[in-house]
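The values are calculated or read from the model by the stated rules, or taken from the named source; none is laboratory data. Everything numeric in this text was worked out from a predicted model, so none of it was measured. Note that we place each Cβ from the backbone using ideal geometry, even for glycine, and neighbour counts take in every protein chain shown.
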Amino acid sequence: MTDLTSQELQEHLEEQIEFIKSSATSYDNGFTGESKRLAVTVRVLVHDTAKSTSLLSLLGKKNRGFLDTSFPFEESNKMSHSGLVQLSLGNRKSITLPLLDDGPFSRQASFEIWWNGIVFVDKDRNEFSRKDIVLSLANKEGGAHVDKTLDEKYADLRKGNSLGWFDVTPDGVQTPSEDQVPASMRQIAHEVLKTLEPGYACHRGKNKGDGILVMGASMVEGVTPLPIPSQNLPKNRPTISGQKIGRNDQCICGSGKKYKQCCLR
């Protein structure tokens, strides 16, 4: 067994960064299947298991702040939630687009908060994190391996329109909106690139014929909208009596503070 040198590990990192850039360009040129290869590269960079160590861990670079561009999930939102994309609403069909550098949020988060942060909540209140998206695309949907089965909730997100969003044509025909997972994976890759290369930038721009751009749709009770949270909730947050703790619940650590003012930070 021969250990790789620091220089060799750094060369691997530079190579993986180029993989992301190349796949991102391909995705932006219309090949949305490239989202699977983006997932594999992100997995190589950040995912640690009992049997394998991520490249950033090998380099000692995983403890940095990760860029989080997601629209924060608000528990009082009665609609389904999609935090990494925007919808271009045209006359006949909506198009799902990654936020890239055109979103309203840009914050630093620890890897654990970033990796487990909520990016989807479907109409049945099932939550999905970046980890769920990356590992499903890489390990089960053809990025590095094709599995015969998918997790039922994830499969419903991708193929069953569990977000419950529909397009309506001018003649009144209702059809399920576009699958939002590929564009979300594109945005996750964008966040990783900007984490590793802070000077990197990518703006989609405005094309002739684009529809109205919508992001962060929500519906809450009451006449006064709640302020948008400054930080996203993680999927793996603590539970009390089987219910996941909310921002305004008392923190489970016993400090007496609200969760958002204590361990969420």
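Between a first residue in the range 24-37 that is in contact (Cβ under 8 Å) with a residue 24 or more places away in the chain and a second residue that is of a type in the set (A, V, I, L, M) and crowded, with 21+ Cβ neighbours inside 10 Å, which pairs have beta carbons less than 6 Å apart while being 6 or more apart in sequence or on different chains?
24/189; 35/185; 36/137
Tally time: how many residues in the range 150-164 are among the aliphatic types (A, V, I, L, M), in contact (Cβ under 8 Å) with a residue 24 or more places away in the chain and not in a loop (DSSP other than H, G, I, E, B)?
Total satisfying the criteria: 1.
Among what's in the range 1-23 and is among the hydroxyl-bearing types (Ser, Thr, Tyr) and part of a helix (DSSP H, G or I), pick the residue that is farthest from residue 186 (Cα to Cα). Spell out the reasoning first.
From the range 1-23, those among the hydroxyl-bearing types (Ser, Thr, Tyr) are 2, 5-6, 22-23; that's our starting set.
Checking which are part of a helix (DSSP H, G or I) leaves us with 6, 22-23.
Values: 6: 29, 22: 12, 23: 9 Å.
Looking at the filtered set, the residue picked out is 6.
Determine which member of the set 35, 57, 52, 26 is in a loop (DSSP other than H, G, I, E, B) and either within 20 Å of the chain's Cα centre (by Cα) or polar (S, T, N, Q) (or both). Steps first, please.
Details: 35 fails: in a loop (DSSP other than H, G, I, E, B); 57 fails: in a loop (DSSP other than H, G, I, E, B); 26 fails: in a loop (DSSP other than H, G, I, E, B).
Step by step, each of 35, 57, 52, 26 is checked, and only 52 is in a loop (DSSP other than H, G, I, E, B) and either within 20 Å of the chain's Cα centre (by Cα) or polar (S, T, N, Q) (or both).
Any chance the range 170-191 includes a residue that's in a strand (DSSP E or B), surrounded by fewer than 22 Cβ atoms within 10 Å (Cβ to Cβ) and either out of contact with any Asp or Glu (no Cβ under 8 Å at 6 or more places or on another chain) or of a type in the set (Phe, Trp, Tyr) (or both)?
Looking only at the range 170-191, we keep the residues that are in a strand (DSSP E or B), and these are 174-176.
Checking the rest, the ones that are also surrounded by fewer than 22 Cβ atoms within 10 Å (Cβ to Cβ) come to 174-176.
From what is left, the residues that are either out of contact with any Asp or Glu (no Cβ under 8 Å at 6 or more places or on another chain) or of a type in the set (Phe, Trp, Tyr) (or both) are none.
Scanning the range 170-191, I find no residue that is in a strand (DSSP E or B), surrounded by fewer than 22 Cβ atoms within 10 Å (Cβ to Cβ) and either out of contact with any Asp or Glu (no Cβ under 8 Å at 6 or more places or on another chain) or of a type in the set (Phe, Trp, Tyr) (or both), so the answer is no.
State the number of residues belonging to the range 59-81 that are surrounded by fewer than 16 Cβ atoms within 10 Å (Cβ to Cβ) and farther than 18 Å from residue 118 by Cβ.
5
In the range 118-149, which residue that is acidic (Asp, Glu), in contact (Cβ under 8 Å) with a residue 24 or more places away in the chain and not in a strand (DSSP E or B) is surrounded by the most Cβ atoms within 10 Å (Cβ to Cβ)? Spell out the reasoning first.
Looking only at the range 118-149, we keep the residues that are acidic (Asp, Glu), and these are 122, 124, 127, 132, 141, 147.
Those still in the list that are in contact (Cβ under 8 Å) with a residue 24 or more places away in the chain too: 122, 124, 127, 132, 141.
Within this subset, residues satisfying the condition of being not in a strand (DSSP E or B) are 122, 124, 132.
On the way: 122: 20, 124: 10, 132: 22.
Only one residue fits best here, namely 132.
Given the condition touching a strand residue (DSSP E or B) at 6+ places or on another chain (Cβ under 7 Å), surrounded by 19 or more Cβ atoms within 10 Å (Cβ to Cβ) and either at pLDDT 90 or above or in the same structural domain as residue 37 (by TED's automatic domain parsing) (or both), answer yes or no: does some residue in the range 98-106 qualify? Before the answer, list the steps.
Looking only at the range 98-106, we keep the residues that are touching a strand residue (DSSP E or B) at 6+ places or on another chain (Cβ under 7 Å), and these are 98-99, 106.
Subsequent filtering for residues that are surrounded by 19 or more Cβ atoms within 10 Å (Cβ to Cβ) retains 98-99.
Now restrict to residues that are either at pLDDT 90 or above or in the same structural domain as residue 37 (by TED's automatic domain parsing) (or both): 98-99.
The answer is yes; a qualifying residue exists.
Any residue in the range 89-112 that is assigned to a helix (DSSP H, G or I) and under 21 Å from residue 44 (Cα atoms)?
Filtering the range 89-112 down to residues assigned to a helix (DSSP H, G or I) leaves 100-102, 111-112.
Keeping just the survivors that are under 21 Å from residue 44 (Cα atoms) gives 111-112.
Within the range 89-112, one or more residues are assigned to a helix (DSSP H, G or I) and under 21 Å from residue 44 (Cα atoms).
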